Amino acid sequence: MKVFITGSNGLVGYSLRSVIQNIFEKSESIPDIEYVFSARTDLDLMNEHAVNSRFEQERPDIVVHLASRVGGLFDNIENNYTMLTTNSRLNMNIIEACKKYNVKCLINVLSTCIFPANAKHPLRSKNIYDGESHSSNRGYAMSKQLLHTASKILSKTTDTKVINLIPTNLYGIHDNYNIKTGHVIPALINKILIAKRECSSLFVSGDGKDIRQFLHAEDLSRVIVEFIKKFKSGKLDSFTDCIVSPPKNKRITIKGLVELLCHTMGYDGDVVYVPNDKNITGQKSKISDDKELRKHFKDFQLTPLKEGLKRTCDYVMSVDPNILRR
Ligand code: GDP
């Protein structure tokens with residue numbers, strides 16, 4: 001069986017590679033699954049012809065589609081249009097290739113930003129289309145909704161089984177640490193490093209009151225591997241939506257996150273909250289829970305936020321700061 005993975009140099013792709021390597025190292029039997037990792041360097045997903053040629057060559061049984069033009073709140077606001085067009089195009093190229101080459105199982109990674117801005121909490125997959133997503137990342141959200149709809153139709157009209165994983169805010173080692181384009185955890189880590197180095201105050205965007213839940217990328221990668229196993233054992237329905245999130249009570253304000261990061265990184269300088277100007281704000285809160293995950297994997301262990309942040313910060317503090325400026 002062959003598994004083809006897109007976006008393998010991204011946050012989730014990188015962790016999926018190490019999770020799979022770990023499994024191979026621990027296993028004493030010959031692996032019966034071949035994993036092919038692809039990235040932008042060897043395949044341009046915007047190019048329909050290139051995608052089809054690669055599928056023709058690989059003939060994958062399973063596709064894990066991780067590639068995406070992704071960014072934090074400020075990148076989304078600035079590039080809403082590009083987020084929509086780029087992601088829609090590359091997602092449709094993947095869906096079309098899955099159809100054309102009779103892929104048996106497609107695993108997509110969506111995001112909780114696809115839910116309506118005023119969705120009932122905790123979020124539930126069945127409510128995706130109940131209203132408009134938040135304006136800050138509407139382009140990205142719509143491209144993921146398109147992927148959701150197209151893949152659902154694919155699963156109904158062909159033999160391709162589809163799993164749409166909907167993770168809450170992700171973080172981990174191989175992230176985008178750019179202050180302007182990164183998500184809150186990597187951007188703050190970079191800002192704290194700079195504040196420590198320059199003995200300056202830490203300026204945090206917003207009032208710190210927004211609420212989020214965070215999932216370690218490695219946990220999502222382990223969920224992907226579990227779903228691959230489930231598919232292999234023939235226990236999968238033709239279409240599955242699954243929100244992947246810590247329990248409801250594991251939510252945190254941005255202020256709480258800042259305190260945790262400052263403590264983990266040994267920063268004890270001033271922290272100054274800077275309310276966003278021009279009404280540039282993100283969603284106030286997005287609260288999900290682990291009910292849908294537990295339905296599939298009752299005893300799945302999630303990495304506690306404190307431990308995941310420590311591992312991420314230890315990694316960042318051990319590398320050349322120049323790699324954080326990408
Ligand atoms: P979102 O869940 O799509 O809004 O993802 P983000 O990770 O970009 O932002 C989460 C929250 O962190 C938002 O409420 C932001 O206002 C807040 N935040 C505070 N400082 C930063 C920062 O430096 N970068 C980002 N991206 N968000 C920040």
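General remarks:
- Residues located in the range 171-200, provided they are closer than 15 Å to Phe214 by Cα and open to solvent by 40 Å² or more (accessible area, probe 1.4 Å): Ile173, His183, Val184
Residue by residue, here is whether (1) over 25 Å from Pro60 (Cα atoms); (2) not hydroxyl-bearing (Ser, Thr, Tyr) holds:
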| site | (1), (2) |
| --- | --- |
| Asp210 | yes, yes |
| Ala217 | no, yes |
| Ser221 | no, no |
| Lys235 | no, yes |
| Ile243 | yes, yes |
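- Residue in the range 262-285 that is crowded, with 20+ Cβ neighbours inside 10 Å, free of Cβ contacts under 8 Å to residues at least 60 places away in the same chain and on the phi < 0 side of the Ramachandran plot present: no
- Test result for Ala187, under 27 Å from Ile95 (Cα atoms), within 14 Å of the ligand (Cβ to nearest atom) and at pLDDT 95 or above: no
- Summed over the range 293-303, residues that are touching a strand residue (DSSP E or B) at 6+ places or on another chain (Cβ under 9 Å) and open to solvent by 30 Å² or more (accessible area, probe 1.4 Å) total 3.
- Residue that is farthest from the ligand (Cβ to nearest atom), among those in the range 101-127 that are more than 17 Å from Arg212 (Cβ to Cβ) and touching a Phe, Trp or Tyr at 6+ places or on another chain (Cβ under 7 Å): Tyr101
- Residue match in the range 171-188 (condition: among the polar types (S, T, N, Q), out of contact with any Gly (no Cβ under 7 Å at 6 or more places or on another chain) and under 30 Å from Lys126 (Cα atoms)): no
- Single residue of Asn87, Asn93 found to be in contact with an Asp or Glu (Cβ under 8 Å, 6 or more places away or on another chain), more than 14 Å from the ligand (Cβ to nearest atom), closer than 24 Å to Ser221 by Cα and not in a loop (DSSP other than H, G, I, E, B): Asn93
- Enumeration of residues in the range 199-215 that are near the ligand (Cβ under 10 Å from one of its atoms), outside any strand (DSSP E or B) and of a type in the set (S, T, N, Q): Gln213
Each row is one residue, and each column tells you yes or no for (1) open to solvent by less than 10 Å² (accessible area, probe 1.4 Å); (2) not charged (D, E, K, R).
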{"site": "His134", "(1), (2)": "no, yes"}
{"site": "Lys152", "(1), (2)": "no, no"}
{"site": "Leu202", "(1), (2)": "yes, yes"}
{"site": "Ser205", "(1), (2)": "no, yes"}
{"site": "Glu218", "(1), (2)": "no, no"}
{"site": "Ser221", "(1), (2)": "yes, yes"}
{"site": "Glu226", "(1), (2)": "no, no"}
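- Within the range 45-75, restricting attention to residues that are closer than 22 Å to Asn164 by Cα and within 16 Å of the ligand (Cβ to nearest atom), the residue that is surrounded by the fewest Cβ atoms within 10 Å (Cβ to Cβ) is Arg69.
- One residue from Asn52, Asn87 being under 22 Å from the mean Cα position of the chain (by Cα) and among the polar types (S, T, N, Q): Asn87
- Across the range 1-44, the qualifying residues are those that are farther than 22 Å from Glu226 by Cβ and among the acidic types (Asp, Glu), and the one among them that is surrounded by the fewest Cβ atoms within 10 Å (Cβ to Cβ) is Asp42.
The values are calculated or read from the model by the stated rules, or taken from the named source; none is laboratory data. Note that the coordinates shown come from a computational prediction; the quantities given were computed from them, not determined experimentally. Don't worry about glycine lacking a Cβ; one is built from the backbone with ideal geometry, like all the others, and counts go over all protein chains shown. For the accessible areas, the whole protein counts, side chains as well, though only heavy atoms, and no ligand, DNA or RNA atoms are used. Shrake-Rupley method; radii C 1.70, N 1.55, O 1.52, S 1.80 Å.
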